[in-house]
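Undergrad: Okay, here's the structure, questions in a sec.
The values are calculated or read from the model by the stated rules, or taken from the named source; none is laboratory data. These numbers come from a predicted model, not from an experiment. A quick note on method: Cβ atoms are made from the backbone with ideal geometry, for glycine too, and the neighbour counts reach across all protein chains shown.
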Amino acid sequence: MTENHQGNVPSRQRKRFPGISSRAYEHPADRSALVALRKLSGFDTAFKALSGLLPERSLRLLFLSDSVRVSDAQFSQLNDMLRDACYILDLEKVPSMYVTQDPKPNAMCIGMDEPIIVVTTGLVELLDEEEMRAVIGHEVGHALSGHSVYRTILLFLTNLALKIAWVPLGTVAITAIVTALREWFRKSELSADRAGLLVGQDVQASMRGLMKIAGGNHLHEMNVDAFLAQADEYEKAGDLRDSVLKILNVLPRSHPFTTVRAAELKKWSESRDFQRIMDGHYPKRSEDKDTSVTDSFRESAAHYSETVRTSKDPLMKLVGDIAGGAGDLAGDLGGRLRNRFAGQANGQSNGQGSDPSAGQGGGQSTKEADGKAADGQSEG
């Protein structure tokens with residue numbers, strides 16, 4: 001990896017985000033997981049020490065020997081985009097980047113000690129300059145978030161666990177781990193899409209890139225608005241059976257569906273959070289150590305609750321209705337209990353305040369208070 005030369009400014013005027021924390025663009029579910037992992041002091045350091053057990057060195061040698069390393073002398077335009085992306089997101093070091101021969105459009109950021117970015121020839125040939133800039137920004141976002149480190153760690157743990165899957169109930173446990181891991185992977189991709197938008201600062205280019213990945217190099221035959229309409233139709237289409245099929249379709253994937261990614265990114269580009277970042281108001285890397293794990297998980301939970309509440313998917317709407325009904329029931333029961341306890345407390349207070357010589361009179365006032373509590377309960 002080479003030092004990032006701060007004098008290398010973007011090819012057109014783009015805003016830069018000095019000291020920006022990856023928390024600024026991370027999806028809430030992704031951010032909560034990363035904040036928790038970062039708080040485990042020495043966790044990633046210990047696994048870096050074990051990097052000899054991982055295929056990272058082998059992959060690094062493989063790309064060095066059988067791919068083209070991006071530099072001023074090779075794929076110079078991609079090299080300029082990479083430097084621009086690191087400059088905009090203020091990444092201290094520019095990762096090495098390789099172009100590998102593969103007709104399938106793809107890109108990835110891997111590695112623990114020094115992340116490397118790999119893009120396929122299929123992707124390079126498919127995208128124009130601005131679309132490619134968003135993709136490179138996406139991968140630089142992965143590097144800044146530390147996704148490459150934690151992904152490698154979790155994949156290592158998953159592979160290790162698979163070796164002991166013969167243990168009773170091991171398969172169930174492994175399935176749960178892999179399912180949770182893939183859910184996080186999908187959310188981390190949404191985070192990186194946002195980083196790509198911060199780098200390219202052209203939402204239409206980001207939309208076009210995702211659309212081309214879905215439908216190929218036939219831009220004249222495609223339309224961004226119609227593509228986004230597909231995402232809306234996908235979300236609300238069908239009945240509960242279709243909802244289950246959607247879940248089964250997405251479970252084995254490490255990436256969200258392309259139309260869903262486009263819709264999520266468009267929504268974020270129109271949000272107040274994005275505008276605040278563009279105005280220069282964003283969390284700084286220097287503040288990462290003070291981030292509250294509890295607050296991060298609370299934000300993640302709030303996001304999922306909001307997703308269920310606003311979702312058009314039939315199953316999610318049912319879950320929301322059930323949750324809402326349970327909430328109403330809990331609120332009703334809570335109100336009844338509060339009224340009853342308040343009435344009892346009031347009755348006890350009246351009884352204690354009576355003249356002891358009154359005898360039955362004091363007892364009667366308590367009964368009257370209980371009667372009022374019962375009336376209050378029936379009204380609740």
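Undergrad: Give me the residue from the stretch 261-293 that is among the β-branched types (Val, Ile, Thr) and outside any loop (DSSP other than H, G, I, E, B) and, out of that set, farthest from the chain's Cα centre (by Cα). Walk me through how you get there before you give the answer.
TA: Step one: of the stretch 261-293, the residues among the β-branched types (Val, Ile, Thr) are 277, 291, 293.
Next cut, outside any loop (DSSP other than H, G, I, E, B) only: 277, 293.
Details: 277: 17, 293: 15 Å.
Filtering the stretch 261-293 for residues that are among the β-branched types (Val, Ile, Thr) and outside any loop (DSSP other than H, G, I, E, B), the one farthest from the chain's Cα centre (by Cα) comes out as 277.
Undergrad: Can you tell me how many residues in the stretch 92-135 are of a type outside the set (D, E, K, R), within 22 Å of residue 194 (Cα to Cα) and out of contact with any Cys (no Cβ under 6 Å at 6 or more places or on another chain)?
TA: In the first step, residues of the stretch 92-135 are kept if they are of a type outside the set (D, E, K, R); the result is 94-101, 103, 105-112, 115-124, 126-127, 132, 134-135.
With within 22 Å of residue 194 (Cα to Cα) added as a condition, the list becomes 94-97, 105-111, 115-120, 123-124, 126-127, 132, 134-135.
Next cut, out of contact with any Cys (no Cβ under 6 Å at 6 or more places or on another chain) only: 95-97, 105-111, 116, 118-120, 123-124, 126-127, 132, 134-135.
Result for the stretch 92-135: 21.
Undergrad: Does the stretch 188-210 include one or more residues that are within 25 Å of residue 59 (Cα to Cα), modelled with pLDDT of 70 or more and part of a loop (DSSP other than H, G, I, E, B)?
TA: No, the stretch 188-210 has no match at all.
Undergrad: Further question on the same structure: How many residues, within the stretch 69-98, are in a loop (DSSP other than H, G, I, E, B) and at negative phi?
TA: So the first thing to find is which residues in the stretch 69-98 are in a loop (DSSP other than H, G, I, E, B), and the list is 70-75, 89-92, 95.
From the residues that got through so far, the ones that are at negative phi too are 70-74, 89, 91-92, 95.
So the count comes out to 9.
Undergrad: Right, here's the next one. Answer yes or no: is there a residue in the stretch 86-105 that is in contact with a Pro (Cβ under 6 Å, 6 or more places away or on another chain), surrounded by fewer than 23 Cβ atoms within 10 Å (Cβ to Cβ) and farther than 25 Å from residue 15 by Cα.
TA: No.
Undergrad: Can you report the number of residues in the stretch 50-69 which are of a type in the set (A, V, I, L, M, F, W, C), more than 24 Å from residue 121 (Cβ to Cβ) and at pLDDT 60 or above?
TA: To start, the set of residues in the stretch 50-69 that are of a type in the set (A, V, I, L, M, F, W, C) comprises 50, 53-54, 59, 61-64, 68.
Filter again for more than 24 Å from residue 121 (Cβ to Cβ), leaving 50, 53-54.
Narrowing the set further to residues that are at pLDDT 60 or above leaves none.
So the count comes out to 0.
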